[in-house]
Amino acid sequence: MTSSMALRPVLKFPDPRLKRVSEPISAVTDEIRALARDMLEVMYDEPGIGLAAPQVGESVRLIVLDTDWTEEDAARNPIVLVNPEIVEREGKITWTEGCLSVPDYQADVERANKVRVRGIDLDGKPVEHDAEGLRAVCFQHEIDHLDGILFIDRISRLKRSLYVKRRQKALRRGEDEDGGALPPADHTL
Ligand SMILES: [Zn+2]
């Protein structure tokens, strides 16, 4: 693991590293805190409202999110969670999701509307978050990344294959990663 001044690049589908199941973090070290700092920088720069460590090439169970933040309002209220785990789920919600690792695509995904998430903060203390709506969606989306699951793995096979074909065509044409036809999602997870 390295830390540098340059922003870490976000891995894009179909990078095989996005399919890996990430390892639990055994201790919150300075290295982990530096990785969290790097991830927050990338998330706010993109911008996105959540990021998981595998998206920057680190197969460890660490996520960051800030569902309150918008570009217009500079106030930042990030959540950083080590070894996050969903311990309770309630209700259903369908949200149009996008992902920094899935360029130029959005699709409706059904998830739990409320979740309780347990994990460890950067001081090594156990913490719990109750989340609802967008924040609950974001927790579920980021924790999926730790298990090698992308939101396009949770849509119909037909929709997924149409996206995969379009993405492969764009890659063959050598299109810039951000050069697709669709505007970025309002809330890119
Ligand atoms: Zn994502």
Regression test value, accessible area per residue of the chain, probe 1.4 Å, units Å², expected 53 Å²
Expected unfolding gain across Gln168-Asp147 under the 0.36 nm per residue rule, minus the alpha-carbon gap, is 5.2 nm
So, with points 7 Å from each Cα along the Cβ direction, the Val127-Ser59 label distance in nm works out to 2.7 nm
In nm, the gap between the two label points placed 7 Å beyond Cα toward Cβ at Ser26 and Ser156 is 4.7 nm
In nm, the gap between the two label points placed 7 Å beyond Cα toward Cβ at Glu88 and Ala6 is 4.6 nm
Counting as exposed only trypsin sites (Lys or Arg not before Pro) in DSSP loop states with no more than 11 other Cβ atoms inside 10 Å, the longest exposed-site-free span of the chain is 93-172
Distance in Å, no decimals, from the C-alpha centre of the range 138-173 to the one of the range 53-122 is 16 Å
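With a 1.4 Å probe and all protein chains left in place, how much of the accessible area of the chain comes from carbon and sulfur atoms, in whole percent? Let's see the in-between values first.
Details: 4770 of 10010 Å².
Using a 1.4 Å probe with all protein chains present, the chain comes out at 48 percent carbon and sulfur.
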Contact order relative to length for the chain, counting C-alpha pairs under 8 Å separated by 6 or more residues, stands in percent at 23 percent
Net charge (Lys, Arg +1; Asp, Glu -1) of residues whose beta-carbon lies under 9 Å from that of Arg8, Arg8 excluded, is -3
Within the chain, excluding any GluC sites (Glu not before Pro) found in a DSSP loop (not H, G, I, E or B) and having at most 13 other Cβ atoms within 10 Å, the longest uninterrupted segment runs 73-176
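The values are calculated or read from the model by the stated rules, or taken from the named source; none is laboratory data. Keep in mind the model is a prediction, meaning the values are calculated, not measured. All Cβ positions, glycine included, derive from the backbone under ideal geometry; neighbour counts span all protein chains shown. When the accessible area is computed, the model is the full protein with side chains, heavy atoms only, and any ligands, DNA or RNA have been set aside. Shrake-Rupley method; radii C 1.70, N 1.55, O 1.52, S 1.80 Å.
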